[in-house]
Amino acid sequence: MNRNILTFMVALVLAASVSAWADVVITDATNPIAYQAKYGPSNSAHIDQSNSVNNRAKQITIGGHNTVNIWQMGAPGENRARQWQRGWNNQADIDQSNSSGNRALQLQRGIHNVATIDQSDTNSNNRARQTQRGGFNTATINQTADMVDNSSHNWAWQAQSGWGNTATIEQVGQRNRASQKQFGSGNTATITQHQEVLQQAGENHDNVARQEQYGRGNTATITQEDSENYASQKQYGAHNTATIYQEDGAWENWGGNIARQEQHGWCNTADIRQSGTFPNGAFQNVACQYQRGFMNQATIDQSGIDNFAKQVQCGAGNTSTINQSGNGNTAITEQYGHGHTATITQAGNNNFARIVQTWPSSQTDNIILDAGTDNATVTIINGNGS
């Protein structure tokens, strides 16, 4: 009998036990398949395919306090791992570290569930996807490298619906993609894209990070290092907080980073910071903020040359702040409504600043501070055309 077929049959028989689960360990095989399914509480199962090639593994549990693990560490080829859990206080772990071209999928329904995918240590071209429905769930994806080597072309996607959920993605290297969506209230989302300690500067670029939150009291944070990265945040609801931090800005002849924030609701706070260590500071960074609602706050800080910042606010009682240090920067603030406060501060040369406020001037405050030489004329336009 074909060895691969025999491996599949043995794994399937072991996993189908009604009374208890047995661990499945497959070694020195090609294209092996392992499947485990269990209904009921307080079960644990483990599939180990670390020493095989082109592995396939799937686990299903329905109930509470179940724990499932899939190990495909260091296994060459394109490994596939899937886990599906329904219930409460369940835990799912997939480890595909030290290999490339892997795919990992986790689906959980219920409350107080934990899902973790590890695709670390010089990995490339991996895909990780997590979906959770319920409350107080935690999802984590790790696509990092070791202290010297790099990682690239990885993709991480997380979706959570419910309340009090936490989603975390960490990626190291270049050309990685990260996306998070949360539906509900009181959720927290974090994306970190950086380089390891011993990697050379400039090895963490061309990354994309996106976050979307629908609900109330949400928090979203994105951190990116090096250059040519893109970050986007969208929040729909109230009491939201969004923060984007993009360090370094540019290296050698590469361009800058792009950051975009969009908030719809009340009492939102958006903060974008773009800074750099390039000999002349960061350059050609772009930051845009759009807010709709009341009592919102938007802040952009940029240092370097040829940077662009724009803020648009619609509603009442909103506050916008742009701080730029360097040369050749552009800052534009547009506020539609009444009771707004706008502040643009520029230190340097050949900068341009503009504030547009469409409401009677008696109900708005305009503050512009310029320091430097050869700066363009500041334009202030109120609702009466002045």
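The values are calculated or read from the model by the stated rules, or taken from the named source; none is laboratory data. In this text the structure is predicted, and so the values were computed from the model without any measurement. Cβ coordinates were reconstructed from backbone atoms using ideal geometry, including for glycine residues, and neighbour counts include every protein chain displayed.
Consider V24 carefully, then state whether it is out of contact with any helix residue (DSSP H, G or I) (no Cβ under 6 Å at 6 or more places or on another chain), at pLDDT 75 or above, among the aliphatic types (A, V, I, L, M) and surrounded by 14 or more Cβ atoms within 10 Å (Cβ to Cβ).
On the way: out of contact with any helix residue (DSSP H, G or I) (no Cβ under 6 Å at 6 or more places or on another chain): no; at pLDDT 75 or above: yes; among the aliphatic types (A, V, I, L, M): yes; surrounded by 14 or more Cβ atoms within 10 Å (Cβ to Cβ): yes.
Criteria not met by V24.
Rundown of residues vs (1) out of contact with any Phe, Trp or Tyr (no Cβ under 6 Å at 6 or more places or on another chain); (2) assigned to a loop (DSSP other than H, G, I, E, B); (3) under 28 Å from N43 (Cβ atoms), yes/no style:
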residue: S97; (1), (2), (3): yes, yes, yes
residue: L105; (1), (2), (3): yes, no, yes
residue: Q108; (1), (2), (3): yes, no, yes
residue: T116; (1), (2), (3): yes, no, yes
residue: D121; (1), (2), (3): yes, yes, no
residue: T140; (1), (2), (3): yes, no, yes
residue: W157; (1), (2), (3): yes, no, yes
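Which members of the stretch 323-362 meet the condition of being closer than 24 Å to F283 by Cα, assigned to a strand (DSSP E or B) and among the polar types (S, T, N, Q)? N323, Q324, S325, N327, T330, T333, T343, T345, Q346 - these are the residues of the stretch 323-362 that are closer than 24 Å to F283 by Cα, assigned to a strand (DSSP E or B) and among the polar types (S, T, N, Q).
Looking at this structure, is N98 under 27 Å from the mean Cα position of the chain (by Cα), over 20 Å from N154 (Cβ atoms) and polar (S, T, N, Q)? No: the conditions fail for N98. The single condition among (1) over 19 Å from Y39 (Cα atoms); (2) in a strand (DSSP E or B); (3) not aromatic (F, W, Y) that Q83 does not satisfy is (1).
Residue pairs whose Cβ atoms lie under 8 Å apart, separated by 6 or more positions or on different chains, with the first residue in the stretch 144-167 and modelled with pLDDT under 85 and among the small types (G, A, S) and the second crowded, with 18+ Cβ neighbours inside 10 Å and assigned to a strand (DSSP E or B), are A145/V172; S151/S124; S151/Q143; S151/Q171; S151/V172; S152/S124; S152/Q174. Among the residues making up the stretch 30-82, those that are modelled with pLDDT of 90 or more and of a type in the set (S, T, Y) are Y35, T61, T67.
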